[in-house]
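Values quoted throughout were computed directly from the atomic coordinates according to the rules given, and no laboratory measurement underlies them. Treat the numbers as computed from the prediction; the structure is a model and nothing was measured. Every residue, glycine among them, receives a Cβ derived from its backbone with ideal geometry; neighbour counts consider all protein chains shown.
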Amino acid sequence: MIVTFLGTGTSQGVPVIACDCEVCESMDYRDVRTRTSVHIELDGLGLIIDTGPDFRQQVLRERIIKLDAVIFTHEHKDHTAGLDEVRSFNFKQGTDMPIYAEKRVLKQLKQEFEYIFSENKYPGVPRVNSHVINTETFSINGQDILPIRVLHYKLPVLGFRINGFTYITDANQISKEEKEKVIGSDVLVINALQKESHISHFNLEEALELISELRPKKAFLTHISHKLGFHEDISSKIPENVYLAYDGLKITI
Ligand SMILES: [Zn+2]
Ligand SMILES: [Zn+2]
Ligand SMILES: [Zn+2]
């Protein structure tokens, strides 16, 4: 399995519009973070988790030429705003794009992208096939995917485990039972927003605590704010098996 970090930034991205802090002005390419998303490739299957506002640029940058399905973690705009762009894959592949999300998330997508889901579609609009998921294992082209329930302040969000890879973004609470699903992961991706506490995201310290509790072989931090600090500086201060993800990073699992 090859996982590519399409984006690793929090909702505003890094640099933040109109911010002149030192991280936003950094010349290190690893400090430039588009909105959080990953591409997963395994046995010829191409999946993307979340289509944020930077979806088009990310897919062009990584030269992704085939996409079999999109899976959504939750309905926040930084994870959904790019849905319109799947139409390029509709045209290229000649098929509707399967999208997988919880019932509540699909309802929100239908409100925000009314034209995509309307009965009488305007020519050229994106074509999607909606699949409702919950916390039960589901399968895409024969590949099992295990959803993991996490809480993002009070909002129920899904993380996903695919074989040895677990991806959790936008969370600050995970129950004991759901943590069990993560145990034994080769790679855990987890959100770590900043050093200070936050109402809806794990901060750096909380993410590191969770990693030492769940003991994946390797962990990657994502959904990062400019407030976390420089990539290089933070990378040198975290444990050996923990890495800050950055846009364009590819890992093989
Ligand atoms: Zn987010
Ligand atoms: Zn800044
Ligand atoms: Zn969110």
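Computed quantities for the displayed model
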{"item": "Distance in nm between pseudo-label sites at residue 180 and residue 139 (7 Å out along the Cβ direction from Cα)", "result": "2.3 nm"}
{"item": "Sparse-neighbourhood loop sites, GluC sites (Glu not before Pro) in region 151-233 - DSSP loop, at most 13 other Cβ within 10 angstrom", "result": "196"}
{"item": "Exposure proxy order (Cβ contacts within 10 Å, fewest to most) of 202, 165, 117, 72", "result": "117, 165, 72, 202"}
{"item": "Over the chain, relative contact order from alpha-carbon pairs under 8 Å, at least 6 apart, %", "result": "20 percent"}
{"item": "Environment charge of residue 6, counting only residues whose C-beta is closer than 10 Å and scoring Lys/Arg +1, Asp/Glu -1", "result": "-2"}
{"item": "Rg and Dmax of region 138-253, Cα atoms only, in Å", "result": "13.7, 42"}
{"item": "Footprinting exposure proxy for 27, 97 (fewest neighbouring C-beta atoms within 10 Å first)", "result": "27, 97"}
{"item": "Difference of contour (0.36 nm per residue) and Cα-Cα distance, residue 237 to residue 66", "result": "57.8 nm"}
{"item": "Rg/Rh ratio calculated on Cα atoms of the chain (Kirkwood radius)", "result": "0.95"}
{"item": "Cleavage-rule hits, trypsin sites (Lys or Arg not before Pro), region 139-210, DSSP coil, Cβ neighbours within 10 Å at most 15", "result": "154, 195"}
{"item": "Partner lysines for residue 154 [C-alpha distance under 26 Å; skip if fewer than 8 residues away on the same chain]", "result": "77, 103, 107, 110, 176, 179, 181, 195, 227"}
{"item": "Local electrostatic count, residue 139, Cβ distance below 14 Å [Lys/Arg +1, Asp/Glu -1]", "result": "-3"}
{"item": "Region 85-167, relative contact order in percent, only Cα pairs under 8 angstrom and at least six apart counted", "result": "23 percent"}
{"item": "In degrees, nearest ten, helix 103-112 long axis to first principal axis of the chain (Cα)", "result": "70 degrees"}
{"item": "Cα-centred dipole magnitude for the chain, charges only on beta-carbon of K, R (+1) and D, E (-1), debye, nearest 20", "result": "560 debye"}
{"item": "Where a label projected 7 Å from the Cα of residue 17 along Cα→Cβ would reach, residues of region 33-74 with amide N under 18 Å", "result": "33-36, 52-57"}
{"item": "Within a Gaussian network of the chain (alpha carbon springs, distance under 10 Å), most fluctuating of 152, 198, 226", "result": "198"}
{"item": "Relative exposure of 8, 135, 252, judged by other C-beta atoms within 10 Å (fewest first)", "result": "252, 135, 8"}
{"item": "In degrees, nearest ten, helix 204-214 long axis to first principal axis of the chain (Cα)", "result": "80 degrees"}
{"item": "Student exercise, region 139-244 dipole from Lys, Arg, Asp, Glu Cβ charges, in Debye to nearest 20", "result": "160 debye"}
